[in-house]
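None of the figures in this text is laboratory data; all of them are computed from the coordinates on show. Keep in mind that this is a model prediction, so the values were computed, not measured. Cβ placement follows ideal geometry from the backbone for every residue including glycine, while neighbour counts extend to all protein chains displayed.
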Amino acid sequence: MSHKIKHFYEFGEFRLDVENATLWRDGKLVQIFPKALEILVLLVGRGGAVVSREELLEKVWRDAYVEESNITYTVSLLRKTLNENGKKNFIQTVPKRGYRFVADVREVTEENEKAQIAAAAPLDLPAVDSSPVEQPNSIEQPKTQEPTPQAEIRWHFIAIILLSLLFTTSFAVWWSFGDRKGLSSVPVTQRNIRTVAILPLKTLTENEHGKALSLGLTDSLISRLGSLNHFAVRPLNSVKDYAEAGKNPLEFGAELKVDAVLEGTLQIAENRLRVNVRLWDVRDGAQLWQGSFDETESDFFNLLDGISTKVTRSLVSSLIENDRRLLRKRDTENREAFQAYWRGQYFLEKRNPEKALAEFRQAINLDPNYALAYTGLADAYIWQASFTSDADDALYEQAKTATGKALELDPNLADAHSSLARIKYLYDWDWASAEASFRRALELNPNSSNAHQYYARLLTTLGRYDEALGEIYKARELDPRSSDLGIPLAAILEKQGKFDEALKIAESTLEMDKDSGFARRVAGKMYLLKGDYAKVIEMGNKLFPNREKTDFAWTSMLATAYGKNAQPDEATVMRSHLQKMALTDPKSLYFLAMHDAETGRPEEALDALGKCLEMREERMIWTKDEPRFANLKEDARFQEILRKMNLAD
């Protein structure tokens, strides 16, 4: 039987398994983003030699066009993964050259008794012996002639070529067959599944009850399986629009960049829930497992427990007791409270906070100890404060109360820490406490794309742009289909003065979501900052043919663009419209300050900013590095405003 020598690299408390693309720390699997792992493999394999930035781009991002800044962000992620306690330095930056791995590395080998080409078993191809080729005297020769030394060398050479051709052909046939047929005979536990997407169950009814129930089942499965840390599970935000995408599960899974997807249907009939689910390997199209479940609605949690356990068993060879405990964890024992909570989430997703608030309150009435429902309540209040003209003070105070109750009930609820962090950031302007809460939320749930992106926004406010970009790229890696994540990325690039790059991000976001009002606003602002005022006017008039309905952001940009484009009458009309809105809406007042700062009205701009400061207008968090305030940066009153927000010394 052939022996296969497996190679590992060990450094510090880590073991790097290159063959299976995994990293282990003290015997436990480490969660690491794929690109960071590829960089680690390349650096460790060079034995301390410098790897240039050009080579990293070529080998790690060979199939995509990215900026060199991606290297910096990904290396930063890798350093954080390796250096959790801040005590060790594994990677050295070599200025103007690249990076090298500076830790002591030990190469370890282990023999594996399996044949080298056992993977070709699905075709029953003959295994090729990896032992040295026998000498030519073992090959039948003509008896009339003794083999010469030259003949022995020639036959030896020919035998090697023939064996090489046989191996190459066998492997090519196996690979081709596997790519087409799915290699269904390869056990699931040997498929090295590292990323999974759980798609919302398709309902046979279009009512809100069915959709909310599907959403709740999906997120509960995501939370339970994700808590095991056996594999990365895509967050709900990245899968929630599966039904509207018009794609089959394999196509959708490929866009999510996962190894496996779980999809199925939910039927509600006569107080019974019937669920059929299938697990697919996205890489070769193999169906790995399927299951059917039938329970009464009153036995809903038993249904959830059964699906969670059986799906996990289909992916993991064995479960320890802690795994079983996590798979049975319930946020509430009240089925009606659970369903009310998910109806609230459904309405919040539809941007209807009033209906969402009613459902979250109903969930709390049904189960006063339902911590997650208090978090939903807080999020609905935050949404209202951010996107309506309602009084921010009262809404944020109510959000703070709800979050405090959630944490009182469950101090380890990641969603509650994330909600509290947003309140501290958006309203309290307590940057240090906000950062601590974001870090705690991500410690409890590193797969939260929302927590990563809002942490990135905080870091942007604080001018820590490299760290902010790192967090955004984490969020995008977790949620690759999200068009929303382009907006905070563009904001970071804008603060760095990279207007062309920010414009490209906005345009690519619009390709994903042509109706994204935020992306159109970012694109318009980039044209404004680049001095293309005619383009701003063209976009604004196309979006708002009725001037009376122009929103505050576009009114502000159009007022400036008309003024800079030698159209003073039009500029006056737009500024008057903005002034009228600003009388009752602090958001409009903030955008009036931007316009006045750009058009030679510094006193008016500073007065408006002073009022926004008193009202704690949320958009003040962007003031320090806002390009439209460039003319105010040296003004003492402007610096005093920043000091009051703890954004200046």
Exercise. Under a straight-distance cross-link criterion of Cα-Cα below 20 Å, which lysines are reachable from residue 96, leaving out those fewer than 8 residues away in the same chain?
Worked result: 59
Exercise. What does the highest-first list of 563-574, 304-315 look like by mean Cβ count within 10 Å?
Worked result: 304-315, 563-574
Problem set entry | Rough spin-label spacing in nm, given labels placed 7 Å along Cα→Cβ, for residue 530 and residue 190 | 5.4 nm
For this session: Pull out the extension gain between residue 17 and residue 387, defined as 0.36 nm times the separation in residues minus the alpha carbon to alpha carbon distance; nm, one decimal.
Result: 128.4 nm
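Taking 0.36 nm per residue of separation and subtracting the Cα-Cα distance, what length does fully extending residue 109 through residue 443 add?
Values: separation 334, 0.36 × 334 = 120.24 nm, distance 3.40 nm.
Gain on stretching residue 109 to residue 443: 116.8 nm.
Quote the FRET efficiency, to the nearest 0.05, computed for residue 551 versus residue 637 with a Förster distance R0 of 25 Å and r equal to the Cβ-Cβ distance.
On the way: r = 28 Å, r/R0 = 1.12.
About 0.35, to the nearest 0.05.
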For this session: Using the Cα centre as the reference, give the magnitude of the dipole from point charges on the C-beta atoms of region 402-450 (Lys, Arg: +1; Asp, Glu: -1; all else neutral), rounded to the nearest 20 debye.
Result: 60 debye
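Net charge near residue 480, counting Lys/Arg +1 and Asp/Glu -1 over other residues with Cβ under 10 Å of its Cβ? Intermediate results must be reported in sequence, preceding the final value.
On the way: positive: 234, 257, 476, 481; negative: 255, 477, 479.
Net charge in that neighbourhood comes out at +1.
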Exercise. Once the other residues with Cβ under 12 Å from the Cβ of residue 627 are scored (Lys, Arg +1; Asp, Glu -1), what is the net sum?
Worked result: +3
Exercise. Which lysines, on any chain, are close to residue 514 with Cα under 19 Å apart, when same-chain ones fewer than 8 places away are left out?
Worked result: 240, 247, 350, 504, 525, 535, 542
Exercise. Can you give the charge dipole size of region 529-577 about its Cα centre, rounded to the nearest 20 debye, using +1 on the beta carbon of Lys and Arg and -1 on the beta carbon of Asp and Glu?
Worked result: 100 debye
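With a Förster radius of 22 Å, plug the Cβ-Cβ distance of residue 265 and residue 328 into 1/(1 + (r/R0)^6) and report the FRET value to the nearest 0.05.
0.35
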For this session: Work out, step by step, the length gained on full extension between residue 243 and residue 369: first 0.36 nm times the residue separation, then minus their alpha carbon distance; give nm to one decimal.
Result: 42.1 nm
